[in-house]
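Single-structure report; data block below.
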Amino acid sequence: MADTKSVATLSFAGKSIDLPVLSPTIGPDVVDIRKLYAEADLFTYDPGFTSTAACESSITYIDGDKGELLYRGYPIEQLAEHSRYLETCYLLLNGELPNKTQLEDFEGRVTRHTMVHEQLHAFFRGFRRDSHPMATMVGVVGAMSAFYHDSLDINDPWQREVAAIRMIAKLPTIAAMAYKYSIGQPFVYPKNSLTYAGNFLHMCFAVPAEEYVVRPELARAMDRIMMLHADHEQNASTSTVRLAGSSGANPFACIAAGIACLWGPAHGGANQACLEMLREIGTVDRIPEYIAKAKDKNSGFRLMGFGHRVYKNFDPRAKVMKESADEVLELLGIHNNPTLQVAKELERIALEDDYFVSKKLYPNVDFYSGIILEAMGFPTSMFTPIFALSRTVGWISQWKEMIGDPGLKIGRPRQLYVGAAKRDYVPVANR
Ligand code: CMC
């Protein structure tokens with residue numbers, strides 16, 4: 001529990017009310033307004049939750065001004081350099097880094113759950129063959145609640161744990177199956193001798209007709225992409241998972257809701273939108289035209305992969321991702337890729353442009369991730385599914401934290417009503 005530090009006094013309409021001020025471990029103090037309506041008959045108004053803490057959490061912390069991201073207190077740069085995705089999953093889920101035995105046990109459990117129920121294969125075939133893999137994933141993950149009945153009881157900590165392991169293990173399989181289905185290739189079963197990331201690459205790129213060997217450097221780059229996306233505080237999709245879960249909905253339904261929210265271009269869909277934008281720009285000489293469009297409020301156009309609600313400094317994930325992009329392109333011998341040339345020049349120009357500098361719009365994680373994924377051979381439609389499978393551990397950790405909180409309440413925001421006041425029904429003949 002956060003400590004009560006002091007009180008803030010709100011004066012309104014001749015009344016004065018004291019509101020407790022809570023102190024977090026790090027970050028700004030928080031005015032506790034839970035009793036505001038009961039005591040002062042007032043609501044607060046904060047569309048987009050720009051100044052509202054909707055929960056207490058001890059999982060992830062972002063310092064937007066410093067450009068810092070901590071998972072359970074550990075800086076993302078240290079984890080990206082020294083940890084691996086499954087170790088980071090353990091950390092996010094359990095709060096501490098595992099010792100050797102705990103890590104082996106966790107890896108073993110995840111690895112043994114990578115296959116999906118065979119009947120799910122038939123479920124996939126109900127989708128149109130050219131479905132976007134995100135559309136398929138929303139449906140299939142939601143349908144998991146129809147296949148795994150023994151992990152639906154949210155009040156049983158063991159079932160919650162099993163649901164968590166199942167989702168971490170099966171999301172890469174489901175994402176790879178959605179991809180294979182969309183391109184008309186047979187599903188590739190997981191291969192448990194491979195690493196988590198290596199197995200995902202294998203399920204996406206292997207075909208029964210020939211041998212596919214996972215390059216360890218690419219598996220490591222994929223692992224890092226997963227780690228950088230693993231959690232990110234109370235973003236839109238995480239808040240969606242929490243809101244869905246606050247009603248007592250089962251974990252698979254909640255994660256499906258998170259995937260649906262992530263799909264939007266302002267959130268996880270930005271990586272696909274960003275690469276499509278870079279391709280549309282096409283050549284370096286067209287960049288000024290797009291910069292001008294991004295500055296024009298009437299154009300409705302934004303530079304995809306730029307800006308962030310919380311980071312007002314370089315996105316720390318983007319820094320690591322940029323290094324990874326350079327390594328992967330070097331490894332694959334890609335030097336004169338036109339998309340990459342446009343990306344590098346766009347970044348340079350935007351970082352010097354007064355509009356972007358004054359609004360603190362820096363490249364975000366999505367700006368570079370697409371470049372790596374494209375170099376690895378993924379089509380743009382797979383970018384957001386990869387974000388989704390990587391973020392699944394964050395969603396589940398946040399969901400578990402919420403369910404375990406004895407003070408859990410169903411999420412139920414209030415509103416500033418601006419519609420018609422009470423009026424009488426008018427029969428159609430008199431209208
Ligand atoms: N291009 C041009 N102008 C921008 C951009 C952009 N990408 N982003 C923000 N602005 C301007 C915006 O027009 C506004 O200007 P003004 O103050 O004159 O009205 C100002 O910057 C603040 O923008 P905002 O919309 O109030 O900021 P927000 O916190 O609501 O939005 C954002 C954050 C990420 C949705 C937004 O920056 C954006 O749409 N970026 C492009 C999409 C994108 O890359 N999303 C991925 C986010 S990182 C991955 C993830 O966590 O999902």
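Numbers at a glance
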{"item": "q = 0.09, 0.11 Å⁻¹, the stretch 275-431: log10 I(q)/I(0) [Debye, one scatterer per Cα]", "result": "-0.48, -0.63"}
{"item": "With eigenvalues of the C-alpha gyration tensor scaled by 5 and rooted, the stretch 235-368, Å", "result": "30, 19, 14"}
{"item": "J(HN,Hα) series, the stretch 417-428, from Karplus relation 6.51 cos²θ - 1.76 cosθ + 1.60, nearest Hz, glycine and proline x", "result": "6, 10, x, 5, 6, 4, 8, 8, 4, 10, x, 4"}
{"item": "Assigned charges on the beta-carbon of Lys, Arg, Asp, Glu; the stretch 57-184 dipole about Cα centre (debye)", "result": "660"}
{"item": "Furthest towards positive pole of dipole, Val428, Ala176, Gly268, structure part the chain, Cβ charges", "result": "Val428"}
{"item": "Equivalent ellipsoid dimensions for the stretch 1-95 as semi-axes, Å, which come from the Cα gyration tensor, largest first", "result": "36, 12, 12"}
{"item": "Protection proxy ranking of 264-270, 292-298 - average other beta-carbon atoms within 10 Å, highest first", "result": "264-270, 292-298"}
{"item": "q = 0.13, 0.14 Å⁻¹, the stretch 127-268: log10 I(q)/I(0) [Debye, one scatterer per Cα]", "result": "-0.64, -0.74"}
{"item": "Mean Cβ count within 10 Å, highest first, over the residues of peptides 383-395, 30-42", "result": "383-395, 30-42"}
{"item": "Lysine pairs in the stretch 225-384 with Cα atoms under 16 Å, if 8 or more residues apart or on separate chains", "result": "9"}
{"item": "Full-extension gain in nm, Asn298 to His117, via 0.36 nm per residue minus C-alpha separation", "result": "60.2 nm"}
{"item": "FRET E, pair Asp29, Thr50, Förster distance 22 Å, beta-carbon r, rounded to 0.05", "result": "0.85"}
{"item": "Ordering of 318-329, 178-189, 162-173 by burial proxy (mean other Cβ atoms within 10 Å per residue, highest first)", "result": "162-173, 318-329, 178-189"}
{"item": "Calculated over the stretch 259-327: convex hull of Cα atoms, volume per residue (Å³)", "result": "129"}
{"item": "Placed amide H near Lys359: partners under 5 Å, 5+ positions off or other chain", "result": "none"}
{"item": "Proximal lysines to Lys15, defined as alpha-carbon separation beneath 22 angstrom and excluding residues fewer than eight positions away on the same chain", "result": "Lys35"}
{"item": "Cα-based shape type of the stretch 160-203, given that a ≥ b ≥ c are square roots of the gyration tensor eigenvalues and the cut on a/c is 1.5", "result": "oblate"}
{"item": "HN-Hα J in Hz across the stretch 37-42 - Karplus 6.51, -1.76, 1.60, θ = phi - 60°, x for Gly and Pro", "result": "5, 5, 8, 10, 6, 10"}
{"item": "Rounded FRET efficiency, nearest 0.05, which uses the C-beta distance separating Ser6 from Leu36 and R0 of 25 Å", "result": "0.90"}
{"item": "Per residue value of the accessible surface for the stretch 46-117 (all protein chains in place, 1.4 Å probe), Å²", "result": "54"}
{"item": "For the chain: span of alpha carbons on each principal axis (Å, largest first)", "result": "77, 64, 57"}
{"item": "In order through the stretch 79-86: 3J(HN,Hα) via Karplus (6.51 cos²θ - 1.76 cosθ + 1.60), integer Hz, x for Gly, Pro", "result": "5, 4, 7, 10, 9, 10, 4, 5"}
{"item": "Long-range HN-HN contacts of Phe306 with modeled amide H, under 5 Å", "result": "Asn364"}
{"item": "For Gly73, distant residues with modelled amide H under 5 Å away", "result": "Tyr61"}
{"item": "Zero-based 5 Å bins, Cα pair distances in the stretch 222-293, whole percents", "result": "3, 14, 16, 18, 14, 11, 11, 6, 4, 2, 0"}
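The values are calculated or read from the model by the stated rules, or taken from the named source; none is laboratory data. The structure presented is a predicted model; accordingly, all values stated were derived computationally and were not measured. Quick reminder, even Gly has a Cβ in these numbers, built from the backbone with ideal geometry, and neighbours come from all protein chains shown. Surface accessibility is based on the protein's heavy atoms, side chains included, excluding ligands, DNA and RNA. Shrake-Rupley method; radii C 1.70, N 1.55, O 1.52, S 1.80 Å.
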